[in-house]
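Read the structure below first, then the notes.
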Amino acid sequence: MKQENAGLFEEFDDSAGAHGSQGLSGEFRVRPATISDIDAVGRISAEREGGVVREHIEGFRRELEVGRTQHTAMVFVAELDAQVIGYGRTGYLDKEHGAAAGKSPVGWYLTGVVVDPRFRRHGVGARLTAKRLAWISERSGFAYYFSNARNRVSIALHERFGFTEIARGPELCGQSFLGGEGILFEVDLSQSAWRAA
C-alpha cells in the first residue's frame, strides 16, 4: 500500500521484502559520529531536508559539541566500506512541553534517522534505531519518539521495536506538524522485545 505524501516522507510499502531483508554487500557498521563525519552527515541531511549544505554541516558540528560537553545529545552514523550512508540522532528533553493530549515526558528521545536514498530498504534505519536504543538503555528505562501521523514508514519502523502511542495532537515536544497531527510514542526498555526487532 502506498502513502500519498507529496514527497515529504518515504513512500510506505508493506509488501513482503520491503523491510530490509536484502543485505548490503560490504563492511557495514554503526558507530558514534565524530567531527570527521560532519561533511557526509551534512550532505545527507541537506539532500533530505533541503537548504544549504554548509548550514547543515555547522548544525551537526554544534550538535556534536553539545553532546560532548553537555551530554544531552548523541549522533550515530551508519558506515558501509568506510562511507557514511546514514545517521540517527538522540536528544534529552529536560523539560515538559504542553501538548493537546497531555505533556511530553522528560527523557531520551530518538530525534531522527536519515539514510542516503541509494541505501534505503536494506535495514540501515533499523540498525541505527537498535544502536540508539541500546545506548539509551544504558541511561534510562524508557525511550520516546514522535512523528507526523502521516509518516507511516517511520511509525512502522518504530512499532517493530515495541513503541506504543501515548499522546496525539497538533503540537508535541514543542513541535507542530504538517497536516495538524503528531503522535508521541514510548518504549519500555526493561522489556526485551525491542532487542529482537
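Across segment 132-197, C-alpha contacts under 8 Å between residues 6 or more apart give a mean separation that, scaled by the residue count, equals a relative contact order of 41 percent.
Counting Lys +1, Arg +1, Asp -1, Glu -1, what net charge surrounds Gly182 among other residues with beta carbon under 11 Å of its beta carbon?
Values: positive: Arg150, Arg168; negative: Glu165, Glu171, Glu181.
Overall, the nearby charge balance is -1.
Its relative contact order, with pairs defined as Cα atoms under 8 Å and 6+ residues apart, puts segment 62-197 at 22 percent. What the Cα atoms of segment 28-196 give is an Rg and a Dmax of 15.4, 45 Å.
Quick note: the coordinates plus some simple rules give every number you see, no bench work behind them. Predicted model only: the values in this text are computed from it and were never measured. Cβ sites come from the backbone with ideal geometry, for glycine too, and all protein chains shown count toward neighbours.
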